[in-house]
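Chemist: My structure is below; once you've seen it, I'll send some questions.
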Amino acid sequence: KNQVEQSPQSLIILEGKNCTLQCNYTVSPFSNLRWYKQDTGRGPVSLTIMTFSENTKSNGRYTATLDADTKQSSLHITASQLSDSASYICVVSPNNAGNMLTFGGGTRLMVKP
Amino acid sequence: NAGVTQTPKFQVLKTGQSMTLQCAQDMNHEYMSWYRQDPGMGLRLIHYSVGAGITDQGEVPNGYNVSRSTTEDFPLRLLSAAPSQTSVYFCASSLFGQGKYEQYFGPGTRLTVT
């Protein structure tokens, strides 16, 4: 069964610090992996989308890495801000069709002043 | 562009009642889908549509109906609400299949069934 596991489940860091969130998946075949940010009470918003051939992708202070061989991805947040407090969701697609996305359970990040 | 809009934001139903969750997008996206999000679990696909007049079931379709009469609208109908349908519902749209293109989510509808 296709699965996406994220760790840690929750994380508290101080403002200005860096952090790394992990995503391991068993989805096969693999088409692309994306990271979403979901603020409390809102819908997810896409941060990055990576295909098989991409191993690093940045979006401002967010940098995602992908190792398709080990089926692992990470999301690194640099110089965290209070507005980074949110859930971060890893999503893997096995193809370009629309009906087989597998969502991870998310990591809840809290940034404290 | 308003993007993806959903109404209502909150709803409380009694067991056995029916209702329709509304979803609309103004980006001319062919692909639309409905998800539910439960605590500690990833989003799960309920139904999806690849264009007007075409719908299909996702992972958890039981108890829900959809239709797609226009490109813009994709309502989700709860036929006879059950407490197990208490959840947050998200509608999403994209240009093509979700797998390849940017997916845009609505703000969600929080549904409680008592």
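Chemist: When we measure straight from the Cα of A:LYS71, which aspartates and glutamates land under 18 angstrom away, once same-chain ones fewer than 8 places off are left out?
Modeler: By straight Cα distance, A:LYS71 reaches A:GLU5, A:GLU54.
Chemist: Still on this structure: Can you tell me which lysines have their Cα less than 17 Å from the Cα of A:LYS17? Leave out same-chain residues fewer than eight positions away.
Modeler: A:LYS112
Chemist: How big is the dipole moment of the protein assembly as shown about its Cα centre under a simple scheme where the beta carbon of each Lys and Arg is +1, that of each Asp and Glu is -1, and everything else is neutral? Debye, nearest 20, please. Before the final figure, lay out each step's value.
Modeler: On the way: 18 positive and 15 negative charges, 102 e Å.
Around 500 debye, computed over the protein assembly as shown.
Chemist: Antiparallel DSSP bridges in the protein assembly as shown: what percent, to the nearest 5?
Modeler: Numbers: 70 of 79 bridges.
Taking every DSSP beta bridge with both residues in the protein assembly as shown, the antiparallel ones total about 90 percent.
Chemist: Further question: Treating only the Cβ atoms of Lys and Arg (+1) and Asp and Glu (-1) as charged, compute the dipole magnitude of chain A about its Cα centre; round to the nearest 20 debye.
Modeler: Values: 10 positive and 7 negative charges, 42 e Å.
Approximately 200 debye in magnitude.
Chemist: Ranked from highest to lowest mean number of other Cβ atoms within 10 Å per residue, what is the order of the peptides B:103-110, B:28-35? It would help to have the intermediate numbers written out before the result.
Modeler: Values: B:103-110: 21.5, B:28-35: 23.5.
Ranked by mean Cβ neighbours within 10 Å, highest first: B:28-35, B:103-110.
Chemist: When Cβ neighbours within 10 Å are restricted to other protein chains, what is their mean count per residue of peptide B:39-49?
Modeler: Working: counts 1, 3, 4, 13, 12, 3, 6, 0, 1, 4, 1.
For this peptide, the per-residue mean of nearby foreign Cβ atoms is 4.
Chemist: Still on this structure, please answer the following. Mean-square fluctuation check for chain A, GNM, Cα pairs under 10 Å: which of A:SER53, A:SER80, A:SER93 is largest?
Modeler: A:SER53
Chemist: Let me ask another. Computed FRET efficiency, Cβ-Cβ of B:ARG77 and A:GLN3, R0 35 Å: what is it to the nearest 0.05? Numbers along the way, then the final one.
Modeler: Working: r = 30 Å, r/R0 = 0.87.
Once the sixth-power term is evaluated, E becomes 0.70.
Chemist: What nm distance separates the two modelled labels at A:ARG42 and A:ILE12, each placed 7 Å from Cα along Cα→Cβ?
Modeler: 2.4
Chemist: Can you give me the relative contact order of region B:1-43 as a percent, contacts being Cα pairs under 8 Å and 6 or more apart? Show your work: numbers first, answer last.
Modeler: Values: 26 pairs, mean separation 17.9, N = 43.
Value for region B:1-43: 42 percent.
Chemist: Then there's this: Only Cα pairs within less than 10 Å get springs; with that Gaussian network setup on chain A, which residue of A:LEU82, A:LEU21, A:LEU33 has the largest fluctuation?
Modeler: Among A:LEU82, A:LEU21, A:LEU33, the largest GNM mean-square fluctuation belongs to A:LEU82.
Chemist: When you look at the Cβ of every residue in B:104-114, what mean number of other chain Cβ atoms sits within 10 Å? Let's see the in-between values first.
Modeler: Numbers: counts 4, 7, 2, 3, 5, 0, 1, 0, 0, 0, 0.
For peptide B:104-114, the averaged partner shielding equals 2.
Chemist: I'd like the mean, over residues of A:36-45, of how many other protein chain beta carbons sit within 10 Å of each residue's own Cβ. Walk me through the numbers before you get to the answer.
Modeler: On the way: counts 3, 0, 5, 0, 0, 5, 5, 16, 9, 3.
That works out to 5 on average.
No lab work stands behind these numbers, since they all come straight from the coordinates. The model shown is predicted, which means the values in this text are computed figures rather than measured ones. A quick note on method: Cβ atoms are made from the backbone with ideal geometry, for glycine too, and the neighbour counts reach across all protein chains shown.
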